[in-house]
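The values are calculated or read from the model by the stated rules, or taken from the named source; none is laboratory data. The shown structure was predicted, so the numbers you read here are calculated from the model rather than taken from an experiment. Every residue, glycine as well, gets a Cβ built from its backbone with ideal geometry; the counts of neighbours run over all protein chains shown. To get the accessible areas, we keep the full protein, side chains included, count just its heavy atoms, and leave off ligands, DNA and RNA. Shrake-Rupley method; radii C 1.70, N 1.55, O 1.52, S 1.80 Å.
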Amino acid sequence: MSPDSFHHVPVLLEETITALALQPGGSYLDGTVGGGGHSAAILEALKGDCSLYALDRDEEALAAAGQRLAPWPRVTLRHGNFHDAAGIYPNQQFDGILLDLGVSSHQLDQAARGFSYHEEAPLDMRMDRGQGMTAADWLNTASEKTIAQALYDYADERWAARIAKIILEMRAAQPFQTTLDLVRAVDRAIPKAVRRRDEGHPARRAFQAVRIAVNDEIAPLKQALTDLFMMLKPGGRLCVISFHSIEDRAVKQAFLKMKNPCTCPVDAPVCVCGKTPLATLPKGFPKAPDAAELARNPRARSAKLRCAERI
């Protein structure tokens, strides 16, 4: 796959490059390299005077990034999840680490991946198509309670219980196979008058929730952020771009814990746990896209960039 065919517009690009506080000769990790947009910007900013390491669980993305970054020396790409970065790059210390937690435009626009509710396609949604169950498998086997909880927790879906009930009724008649099967379940569950008032497509929340559940995006996130932070050199920065409130809340809480890891009771006169701050949180964050970026890329509207610097 060529880098041109893997379409993805890097979000908050200038803000991220600034937040990383790039240093000539530094070592950087892009844990979600996607099409290589952020990584290419790092290399261009430093004129190649750095070591760049990158990961992605999507092999198509990794192939496109490999071609895009091929002209630059000192680039190392690996297939894998950023949750496992410490094992993939053992004993490696970085001056900066970047995570872009969003789904790429390529993944959304390529119908066969099953992320889009606009076209009929196999209901897959896996970031890594070599591992785990598909969205169809999950919807056909998860309990009604599990589905409802995912819809509520991962998308704030007010009709979560009703949608989960309809999903079980529909799969009893015929197993879920395509994206439009899920769209039809949402349409049946949410009253028409409510759907008409929805500012976006009524199925977008359900697709988000199922994607998060299938790819296990939230549960390991806090631990992964801690593991990545400990791979930074002193003064190194971890920059994370999130795209919905559940992700952003997890990032915010993890960063605040790094800033103040004390476990003493709030009314304790002095700290006795002995845990000292690991991070400072630079001022001016979180950052969101400005009007010019939103005009160029409406999909960036929910993006937030947070940054933590290792003491």
Treating only Lys and Arg (+1) and Asp and Glu (-1) as charged, each at its beta carbon, one finds that the range 219-286 has a dipole about its Cα centre, in Debye to the nearest 20, of 180 debye
Asserting the computed 222 nm helical MRE of the chain (DSSP H runs at least 4 long, -39500 (n - 2.57) per run, divided by residue count, to nearest 500) equals -11500 deg cm²/dmol
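Multiplying the sequence separation of V266 and M230 by 0.36 nm and subtracting their Cα-Cα distance, what value in nm do you get? Working shown, then result.
Working: separation 36, 0.36 × 36 = 12.96 nm, distance 2.60 nm.
Contour length minus Cα-Cα distance gives 10.4 nm.
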Expressed per residue, the solvent accessible area of the chain in Å² (1.4 Å probe) is about 47 Å²
So the FRET efficiency between R188 and A292, C-beta based with R0 = 41 Å and rounded to 0.05, is 0.50
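So if R0 is 35 Å, what FRET efficiency would E169 and R196 give, r being the distance between their Cβ atoms, rounded to the nearest 0.05?
Values: r = 24 Å, r/R0 = 0.67.
Efficiency, from the Cβ-Cβ distance: 0.90.
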Contour minus Cα-Cα span, D137 to T276, at 0.36 nm per residue, comes to 45.5 nm
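Rounded if a/c is under 1.5, else prolate if a/b beats b/c, else oblate: with a ≥ b ≥ c from the C-alpha gyration tensor eigenvalues square-rooted, which is the range 229-268? Display every interim value, and only then the final one.
Numbers: a/c = 3.89, a/b = 1.24, b/c = 3.13.
Oblate.
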Simple SL model, points at 7 angstrom along Cα→Cβ for K145 and L256; separation in nm is 3.0 nm
Distance in nm between S302 and D49 label points, each 7 Å along Cα→Cβ, equals 4.1 nm
Residues whose modelled amide H sits under 5 Å from the amide H of L29, counting only those 5 or more places away in sequence or on another chain, are Y53, G96, I97, L98
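Quick one: length gained pulling R74 to D156 fully straight, 0.36 nm per residue minus the C-alpha distance? Before the final figure, lay out each step's value.
Values: separation 82, 0.36 × 82 = 29.52 nm, distance 4.30 nm.
My answer for the length gained is 25.2 nm.
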Total charge of the residues flanking P277 in space, meaning their Cβ is under 12 Å from its Cβ, with Lys and Arg +1 and Asp and Glu -1, is +3
Computed over the range 31-106, the convex hull of the Cα set has an average projected area, in nm², of 4.8 nm²
Measure of exposure for T276: accessible area at 1.4 Å probe, Å² rounded to 10, is 90 Å²
The range 29-50 and the range 212-263 have their Cα centres apart by a whole-number Å value of 21 Å
